[in-house]
Amino acid sequence: MNYEGLIIRPPSEADSLILQVTVGCSHNRCTFCPAYKQKQFRIKSEKDIRCDIEQAARMYGDEVRRVFLCDGDPLIMPQERLIEVLNLLHQTFPKLQRIGIYGNAKSILRKSIEELAALRQKKLGIIYMGLESGDPVVLDKVQKGVVPEQMIEAARRVREATIKLNVTVLLGLGGRERSRIHAQETMRVLNKMQPNHVAALTLMVVPGTPLYEQEQRGEFALPDKFELLAELRTMIAESALDNCLFFSNHASNYFPVQARLPRDKDKIIRALDAVIASRDERCLRSEFMRAL
Ligand code: SF4
């Protein structure tokens with residue numbers, strides 16, 4: 001497979017064939033994100049994509065059941081190009097069950113519900129979307145490029161097209177200054193989005209990003225470990241999610257949580273309260289074990 005640069009995929013796509021159909025991220029301006037800063041965004045040529053699919057067929061035969069499309073934002077591809085890729089995957093892998101994709105709110109909003117439903121027909125089963133924060137002040141500061149209402153509308157379209165929606169949020173993104181508001185507003189927006197899955201990651205300020213420069217200048221301060229857990233606690237306490245899998249077990253997190261909400265809400269709040277009250281760092285993942 002002809003992968004260009006660092007390839008990133010969600011943990012839940014570990015068993016999928018990873019197919020790079022775009023290089024980089026069409027937005028690429030978020031101040032906290034180190035992922036694609038070295039890459040100039042482009043859609044790969046039809047020939048290159050076809051070549052990769054043929055090579056995957058030689059390597060895995062017809063055993064491929066799941067495919068994940070990357071880099072940052074392949075949903076931005078024009079509808080006809082994306083349909084061509086999905087058709088080719090179907091022809092090549094007859095046992096294909098589900099295709100997953102990264103898509104930001106802007107690229108979702110470029111598609112109508114009918115277009116999304118057409119992708120669903122071709123087995124596009126899940127979209128991974130970054131909300132990061134529901135606080136409009138935070139979204140503006142980190143240059144996410146969209147406002148909460150656009151996130152909510154994007155989620156509505158995905159749900160109407162019966163595609164599963166996995167939404168990522170970032171603990172700590174509001175800094176100490178807006179820690180509580182960030183947590184409250186994030187859950188307020190998630191409650192309106194009603195995603196199938198929420199993944200809460202913990203912000204790691206990476207050298208080379210604009211946010212790192214802001215931190216160095218004293219313009220941004222990350223909440224401490226227990227303040228980050230308090231954000232998680234606020235989010236869960238204020239959740240009104242309907243049958244949602246909520247994860248904070250990514251390697252960046254200090255305290256792993258995996259819950260079915262609303263069922264596990266009280267249990268998780270009790271566990272978080274106990275750790276926050278103890279301020280015992282032995283209950284937390286060590287810095288050594290944390291990673292993006
Ligand atoms: S967070 Fe997502 S949308 Fe923002 S630059 Fe990174 S990949 Fe692109």
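One line per residue, one yes/no per condition, for (1) crowded, with 16+ Cβ neighbours inside 10 Å; (2) touching a Lys or Arg at 6+ places or on another chain (Cβ under 8 Å); (3) within 25 Å of residue 192 (Cα to Cα):
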residue	(1), (2), (3)
220	yes, no, no
231	yes, yes, yes
236	yes, yes, yes
248	yes, no, yes
254	yes, yes, no
257	yes, no, yes
266	no, no, yes
272	yes, yes, yes
277	no, no, no
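Entry remark, segment 70-85: residues being within 14 Å of the ligand (Cβ to nearest atom) and assigned to a helix (DSSP H, G or I) number 3 in total.
Within segment 12-27, the set of residues being surrounded by 17 or more Cβ atoms within 10 Å (Cβ to Cβ), more than 7 Å from the ligand (Cβ to nearest atom) and not acidic (Asp, Glu) comprises 12, 16, 17, 18, 19, 20, 21, 22, 23, 24, 26. Residues in segment 132-140 include at least one that is surrounded by fewer than 16 Cβ atoms within 10 Å (Cβ to Cβ), more than 14 Å from the ligand (Cβ to nearest atom) and β-branched (Val, Ile, Thr).
Among the residues of segment 135-146, those identified as in a loop (DSSP other than H, G, I, E, B), over 23 Å from residue 112 (Cα atoms) and of a type outside the set (A, V, I, L, M, F, W, C) are 135, 143. When restricted to residues that are within 16 Å of the ligand (Cβ to nearest atom), crowded, with 17+ Cβ neighbours inside 10 Å and assigned to a helix (DSSP H, G or I), segment 99-125 contains 4. Any chance segment 177-200 includes a residue that's among the acidic types (Asp, Glu), assigned to a helix (DSSP H, G or I) and surrounded by fewer than 17 Cβ atoms within 10 Å (Cβ to Cβ)? No: zero hits. Against the criterion of being surrounded by 17 or more Cβ atoms within 10 Å (Cβ to Cβ) and either within 12 Å of the ligand (Cβ to nearest atom) or more than 25 Å from residue 165 (Cα to Cα) (or both), residue 3 does not qualify. One residue stands out in segment 147-175 among those that are β-branched (Val, Ile, Thr) and assigned to a strand (DSSP E or B): the one that is surrounded by the fewest Cβ atoms within 10 Å (Cβ to Cβ), namely 168.
The set of residues from segment 28-69 being buried (at least 21 other Cβ atoms within 10 Å of the Cβ), within 16 Å of the ligand (Cβ to nearest atom), in a loop (DSSP other than H, G, I, E, B) and at pLDDT 95 or above comprises 30, 32, 33.
The values are calculated or read from the model by the stated rules, or taken from the named source; none is laboratory data. If you're wondering where the values come from, they're calculated on a predicted model, not measured in any experiment. Positions of Cβ are backbone-derived with ideal geometry, glycine not excepted, and every protein chain shown enters the neighbour counts.
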